Amino acid sequence: MLEIESNEVFKDVIGQELAISLLSATLKHKRIAPAYLFTGSDGVGRRLTTKRFLEALITGGFSVSRERQRIEGLNHPDLTWVEPTYIHQGKLIPQSIADQAVINKKVSPQIRLDQIKELTSFLINQPIEASLSMAVIEDAEKMNEAAANALLKTLEEPKSGLLILISKRPERLIPTILSRCQVIPFKTLKSDDIKKIFSKIQSTQKIDLSIGFDQKELFMLSNGSPGALIENINTWKELPDKLLSRMQKLPKQSIDALALAKDLTETIDGEQQIWLISWLEINLWNKSHNSKEIKILENLHSQLISFVQPRLAWEIALLKLSELQN
C-alpha cells in the first residue's frame, strides 16, 4: 500500500489536529467516503483544509506545486466549486464576486436548484485526470429548499465522485443530508495558535498597534479565527489613524460627539462602521465593564444593519455614551 505523506500536504493548516487526523487516516487507508461535511466557524481553516485534502487525493498525499496551483485557482478539470449566488440583471453572481461588485445585497445569497443540477451532472461524468470527480459546496446551509431536495436525491444515489459540504450552521441542513455525510469538525483556535499566526503576519507586514487596539483586543475580536484575524488587521489598517485616536477616548461634550458622528459617517463606509462598533464594545468593556455602554452599541449595530440613517444613529449613540463619560 502507498504510504501517504499527509502531514506534508496539511502542514500549513494550524490548530486543527482532529480534522487533520481524521482526513489523514482516510487517505492512508484509502477509505474515501462519498460525502463529507466540514463544520466550524468562518475563518478556522475549513476552506484551506478542503483544498489540501483534494490536493492529497490527486497527488497521493504529497505537496505538488502544479496541482496546488490548480486547486487554489479552482481550475482543475475534475473539480467544481459551488457557492451561494445573487441574482443580478438575470444572471447568477457568485458571492465571492458580488463582494467586489456593486449590486443589491439586501436579499441574502442562495445556492439554487440549477447549481445543484449542474453539480450532479458533473459528478456523473468520468474524471479527466484524477481518480474521481470532486465537488465542493461552500456555505451549504444557504441552499434553498429545492436545491437541498435535489442534493438529497444525489446523495441517495451515490456516484463515483466525491462531495464536500462546508457549513458553519449544519443544523440548518436537512437531517437526511447530514446522515449521509461523514462529519469533520473544525474548532476555534487556541490563543497560542492565534499568536503564532499573528507573529507570522507581523514578520511580513509592518503592524503598529499603538493606535487603535492592542493585541489582546485584536485576539478577542478574532475569536479564535485566523481568517477573522487577517480581516481585522486589514480593516484596522484601512482606518484613519486620527479617527482611531479619537475613538480611544470618547467625547464628553455634546458638540464633540456630534462632530465625531459626522466625521465617522463621512470618512468610513458601512462595513467599517460595523467593524468599529465590534471593536468599541471590546475596548469599552475592558476599560469599564459598563453594560449600559454595551447596550448602546448593540442598539447602534441593529440600527445600522436595518438601514437607519447612519449619521443620526451615530449621533444618538455617541450622545448617550458621552453622558456616561461624565
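The values are calculated or read from the model by the stated rules, or taken from the named source; none is laboratory data. A quick note: this is a predicted structure, and the numbers were derived from the prediction, not measured. Backbone-built Cβ (ideal geometry, glycine too); neighbour counts: all protein chains shown.
Residues in the range 55-84 that are farther than 22 Å from Ile124 by Cα and free of Cβ contacts under 8 Å to residues at least 24 places away in the same chain: Val64, Ser65, Arg66, Glu67, Arg68, Gln69, Glu72, Gly73. Can you go through Leu165, Leu189, Leu132 and tell me which one is touching a helix residue (DSSP H, G or I) at 6+ places or on another chain (Cβ under 7 Å), within 30 Å of Val64 (Cα to Cα), of a type outside the set (Ser, Thr, Tyr) and in a loop (DSSP other than H, G, I, E, B)? Step by step, each of Leu165, Leu189, Leu132 is checked, and only Leu189 is touching a helix residue (DSSP H, G or I) at 6+ places or on another chain (Cβ under 7 Å), within 30 Å of Val64 (Cα to Cα), of a type outside the set (Ser, Thr, Tyr) and in a loop (DSSP other than H, G, I, E, B).
In contact (Cβ under 8 Å) with a residue 24 or more places away in the chain and within 23 Å of His29 (Cα to Cα): is that true of Gly40 in this structure?
Working: in contact (Cβ under 8 Å) with a residue 24 or more places away in the chain: yes; within 23 Å of His29 (Cα to Cα): no.
Against the criterion (in contact (Cβ under 8 Å) with a residue 24 or more places away in the chain and within 23 Å of His29 (Cα to Cα)), Gly40 does not qualify.
Look at (1) loosely packed, with under 13 Cβ neighbours inside 10 Å; (2) more than 30 Å from Asp12 (Cβ to Cβ); (3) β-branched (Val, Ile, Thr); (4) modelled with pLDDT under 85 and you find that Ile211 fails only one, number (1). Counting only helices (runs of 4 or more DSSP H) wholly contained in the range 225-301, the ones carrying 2 or more residues that are of a type outside the set (S, T, N, Q), modelled with pLDDT of 85 or more and over 25 Å from the mean Cα position of the chain (by Cα) occupy 241-248, 254-267, 270-288. Within the range 169-185, is even one residue out of contact with any Lys or Arg (no Cβ under 6 Å at 6 or more places or on another chain), surrounded by 18 or more Cβ atoms within 10 Å (Cβ to Cβ) and at pLDDT below 85? So far as the range 169-185 goes, no, none of its residues is out of contact with any Lys or Arg (no Cβ under 6 Å at 6 or more places or on another chain), surrounded by 18 or more Cβ atoms within 10 Å (Cβ to Cβ) and at pLDDT below 85.
The condition of being under 17 Å from the mean Cα position of the chain (by Cα), surrounded by fewer than 22 Cβ atoms within 10 Å (Cβ to Cβ) and over 22 Å from Asn75 (Cβ atoms) holds for only one of Glu157, Glu141, Glu145, that being Glu141.
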